[in-house]
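Undergrad: Could you have a look at this structure, given as structure tokens, before my questions?
The values are calculated or read from the model by the stated rules, or taken from the named source; none is laboratory data. Computed from a prediction, not measured in an experiment: that's the story for all the values here. Please note: Cβ atoms are built from the backbone with ideal geometry, for glycine as well, and neighbour counts cover all protein chains shown. The protein model used for the area step is the full one, side chains on, heavy atoms only, and it has no ligands, DNA or RNA in it. Shrake-Rupley method; radii C 1.70, N 1.55, O 1.52, S 1.80 Å.
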Amino acid sequence: MFNLILFGPPGSGKGTQSEKLIEKYGLIHLSTGNLLREEIANQTKLGLEAKSFMDKGQLVPDAVVIGMINSALEANSQAKGFLFDGFPRTVAQAEALDTLLSGKGAGISIVLALEVDQEELVKRLLNRGKSSGRSDDTDESVIRARLVEYENKTAPVASYYAGFGKVVYVKGVGGIDDIFQSLSRQIEARQLA
Ligand code: AMP
């Protein structure tokens, strides 16, 4: 299995690049943000609980997202690999993911971390908010709360995987296709290794 984490702050281009990468490499896309928004659209109990956190720019509790990922892994047991987008967002989630994957004799192959500076992120998210229909993209104070959550709880996930030599940093500014080429080069270097 080839399992990739596309890592980076909100607005770093994970969603855009994920779409291109899953097509090129035949991976299953697992975005916890998308899964949570589906739960909200379906007005499930989980969705209603998650919404109160998401509206404030806070992370949803670990147990909720880990449970969702567990179900998604089970539902795709024949996959040749997964692309995790927006997950894991805490060290506890990363540890849980490692345990789930090792139960399948698999692990994380590479963590590609997109680097974009903070003010560019705010600008991109406000711009995305004009068309994304996402309420968490329209309010600058919610955007800044998401970036604070990222710094406090999610940035340590990169250090966690760096401890296993799995993190590669890629510049997340410039043309979409240029960034895609940089990501592809890193994946191919690992796949052939
Ligand atoms: P995203 O679409 O990845 O930007 O996620 C939107 C929101 O969903 C985040 O601001 C969090 O409130 C929530 N969320 C998504 N993924 C996770 C996760 N792995 N852990 C906790 N909360 C998450």
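Undergrad: How much of residue 140 can a 1.4 Å solvent probe reach, expressed as accessible area in Å² and rounded to 10?
TA: Approximately 80 Å² of residue 140 is accessible to the 1.4 Å probe.
Undergrad: Calculate one ³J(HN,Hα) per residue across the range 60-67 by plugging θ = phi - 60° into the Karplus curve 6.51 cos²θ - 1.76 cosθ + 1.60, and present them in order as whole Hz with x for glycine and proline.
TA: 6, x, 3, 4, 5, 6, 5, x
Undergrad: Within a Cβ distance under 14 Å of residue 27, other residues only, what is the Lys/Arg minus Asp/Glu net charge? Don't skip to the end; give the middle numbers.
TA: Numbers: positive: 14, 20, 24, 80, 190; negative: 19, 23, 85, 188.
After counting each charged neighbour, the total is +1.
Undergrad: What is the range 32-101's relative contact order, in percent, from Cα pairs under 8 angstrom and six or more apart in sequence? Intermediate results must be reported in sequence, preceding the final value.
TA: Details: 37 pairs, mean separation 20.3, N = 70.
Once normalised by length, the contact order is 29 percent.
Undergrad: Report the chymotrypsin sites (Phe, Trp or Tyr not before Pro) located in the range 148-193 that are in a DSSP loop and have at most 14 other Cβ atoms inside 10 Å of their Cβ, or state none. Kindly include the intermediate steps, with their values, before the conclusion.
TA: Values: sites: 150, 160, 161, 164, 169, 180; in loops: 164.
Passing both the DSSP loop test and the Cβ count: 164.
Undergrad: Pairwise over distinct Cα atoms, reciprocal of the mean inverse distance: report the Kirkwood radius of the range 93-193 in Å, one decimal place.
TA: On the way: mean 1/r = 0.0635 Å⁻¹.
Computed over the range 93-193, the radius equals 15.7 Å.
Undergrad: Could you work out the local net charge near residue 153, counting Lys and Arg as +1, Asp and Glu as -1, over the other residues with Cβ closer than 12 Å to its Cβ?
TA: Numbers: positive: 89, 146; negative: 62, 149, 151.
Net of charged neighbours comes to -1.
Undergrad: Another one. Pull out the extension gain between residue 186 and residue 145, defined as 0.36 nm times the separation in residues minus the alpha carbon to alpha carbon distance; nm, one decimal.
TA: Net length gain for the segment: 11.6 nm.
Undergrad: For the chain, what is the relative contact order in percent, using Cα pairs closer than 8 Å and at least 6 residues apart in sequence? Please report the intermediate quantities before stating the final value.
TA: Values: 259 pairs, mean separation 62.3, N = 193.
Once divided by the residue count of the chain, the mean separation gives 32 percent.
Undergrad: With every protein chain kept in the model, how would you rank 14, 104, 130 by accessible area, 1.4 Å probe, largest at the top? It would help to have the intermediate numbers written out before the result.
TA: On the way: 14 20, 104 90, 130 165 Å².
Greatest to least solvent exposure: 130, 104, 14.
Undergrad: Most mobile of 93, 181, 58 per a Gaussian network model of the chain (Cα springs, under 10 Å)?
TA: Highest fluctuation of the listed residues: 181.
Undergrad: What value in Å³ per residue do you get for the convex hull of the alpha-carbon atoms in the range 19-177? Numbers along the way, then the final one.
TA: Numbers: hull volume 20.3 nm³, N = 159.
Given the Cα convex hull of the range 19-177, per-residue volume reads 128 Å³.
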